[in-house]
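Worksheet for the structure shown next.
The values are calculated or read from the model by the stated rules, or taken from the named source; none is laboratory data. As the structure is a computational prediction, the values presented were derived from the model and not from experiment. Here Cβ is always computed from backbone atoms with ideal geometry, including for glycine, and neighbour counts include all displayed protein chains. Heads up: the accessible areas ignore ligands, DNA and RNA and are worked out on the full protein's heavy atoms, side chains in. Shrake-Rupley method; radii C 1.70, N 1.55, O 1.52, S 1.80 Å.
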Amino acid sequence: MSRGSERMQLVLTGGPDSDQEELDELTRHLRERLLELDVDRVEPVRTGPVPAGAKPVDAIAVGALAVTLAPIALRSVLGLVQTWIENRPVRTVSIALGEDSLELEAVSAADQRRLIEAFLATRAATTREDGGRDADDSSAALDAGPEG
């Protein structure tokens with residue numbers, strides 16, 4: 001990871017009719033789109049070491065990506081995920097960045113924009129603090145998101 005980069009984890013949850021193969025295909029498509037942005041890396045998340053005799057693909061968590069990016073690329077990554085989820089059979093994309101998390105759901109674009117702006121505001125406030133984060137941090141309220 002380059003200096004000043006952060007590691008974000010994205011986890012896709014398929015719709016009620018999605019299977020593992022479809023979720024894997026959706027994850028690969030999202031990875032390709034993310035690589036078009038100014039990010040350092042986008043890699044599948046590994047579930048652990050590859051057991052002896054297993055294929056490397058066997059240790060990959062279906063639907064999970066790790067994105068290494070500079071903080072300045074955060075808004076563009078979130079914007080891409082927001083527009084990408086709109087026409088896909090994905091129920092949610094869970095995003096974790098440090099201690100902050102966000103769940104984007106297939107809800108209205110306006111609701112998603114509000115969630116993203118609140119997430120970015122929380123991140124900006126966190127980076128301005130000299131000390132650690134408070135236990136009462138408001139990022140937990142972002143996890144729930146609107147029901148859809």
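Could you tell me which residue of segment 81-130 is farthest from Gly15 (Cα to Cα), considering only residues that are among the hydroxyl-bearing types (Ser, Thr, Tyr) and open to solvent by 40 Å² or more (accessible area, probe 1.4 Å)?
So the residue we want is Thr127.
Can you give me the number of residues within segment 119-148 that are touching a Leu at 6+ places or on another chain (Cβ under 6 Å) and at pLDDT 65 or above?
Residues flagged as touching a Leu at 6+ places or on another chain (Cβ under 6 Å) and at pLDDT 65 or above within segment 119-148 amount to 1.
Given the residues Ser101, Ser94, Ser76, which is the only one that is of a type in the set (S, T, N, Q) and in a helix (DSSP H, G or I)?
Details: Ser101 fails: in a helix (DSSP H, G or I); Ser94 fails: in a helix (DSSP H, G or I).
The match here is Ser76.
Cβ-Cβ distance below 9 Å, separation of 6 or more or different chains: which pairs start in segment 29-57 with a residue that is within 20 Å of Pro71 (Cα to Cα) and end on one that is modelled with pLDDT under 95 and surrounded by fewer than 10 Cβ atoms within 10 Å (Cβ to Cβ)?
Listed by first residue and then by second, the contacts come to Asp38/Ile72; Asp40/Ser2.
Quick test of your reading of the structure: Leu37 fulfils all but one of (1) touching a helix residue (DSSP H, G or I) at 6+ places or on another chain (Cβ under 8 Å); (2) at pLDDT 95 or above; (3) open to solvent by 80 Å² or more (accessible area, probe 1.4 Å). Name the failing condition by number.
(3)
Which residue is nearest to Phe119 (Cα to Cα), if the candidates are limited to segment 46-92 and must be modelled with pLDDT under 85 and polar (S, T, N, Q)?
Here the residue is Asn87.
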